[in-house]
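See below for the structure under consideration.
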Amino acid sequence: ERLRAYNLRQKRALVEALFAATGITAEGASDDYGAFISIVHPKAEQLAAALAVKKVTVDARGDRLRLCPDILNSDQDLGTAADRLGALLED
């Protein structure tokens, strides 16, 4: 129960950081979903590759960029990931 609560807190922090950095609302952000959130973007696979270069690990499935905080990620890590995605979307 504690691990699930921690993961949900991380997921909410990531969703808030993504919205602040990009203005995008992620899918799967509610507590009813698992650990992943997703962002619909036509170039999700290119974004995933560009984020990998910036040392942010994500997954892309079709037009969905999937992000999942790991138990070892700090709030700072989540904010950095959101900021790096935001910078890519601005370009």
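The values are calculated or read from the model by the stated rules, or taken from the named source; none is laboratory data. Everything numeric in this text was worked out from a predicted model, so none of it was measured. Ideal geometry is used to build each Cβ from the backbone, glycine not excepted, and the neighbour counts take in all protein chains shown. Accessible surface areas use protein heavy atoms only, side chains included; no ligands, DNA or RNA. Shrake-Rupley method; radii C 1.70, N 1.55, O 1.52, S 1.80 Å.
Observations on the structure shown:
- Condition met for residue 40 (farther than 23 Å from residue 6 by Cβ and touching a strand residue (DSSP E or B) at 6+ places or on another chain (Cβ under 7 Å)): yes
- Candidate set: the range 28-55, residues that are under 13 Å from residue 68 (Cα atoms) and modelled with pLDDT under 90; chosen: the one least open to solvent (accessible area, probe 1.4 Å): 28
- Any chance residue 82 is more than 10 Å from the chain's Cα centre (by Cα) and outside any loop (DSSP other than H, G, I, E, B): no
- When the test is whether a residue is open to solvent by less than 50 Å² (accessible area, probe 1.4 Å), more than 13 Å from the chain's Cα centre (by Cα) and either touching a residue at least 24 places away in the same chain (Cβ under 8 Å) or farther than 17 Å from residue 7 by Cα (or both), residue 88 passes it.
- Count of residues meeting criterion [part of a helix (DSSP H, G or I) and of a type in the set (Ser, Thr, Tyr)] in the range 28-64: 0
- Some residue of the range 76-83 being in contact (Cβ under 8 Å) with a residue 24 or more places away in the chain, open to solvent by 90 Å² or more (accessible area, probe 1.4 Å), under 22 Å from residue 9 (Cα atoms) and among the charged types (D, E, K, R): yes
- Flag for residue 67 being open to solvent by less than 60 Å² (accessible area, probe 1.4 Å) and in contact with a helix residue (DSSP H, G or I) (Cβ under 6 Å, 6 or more places away or on another chain): no
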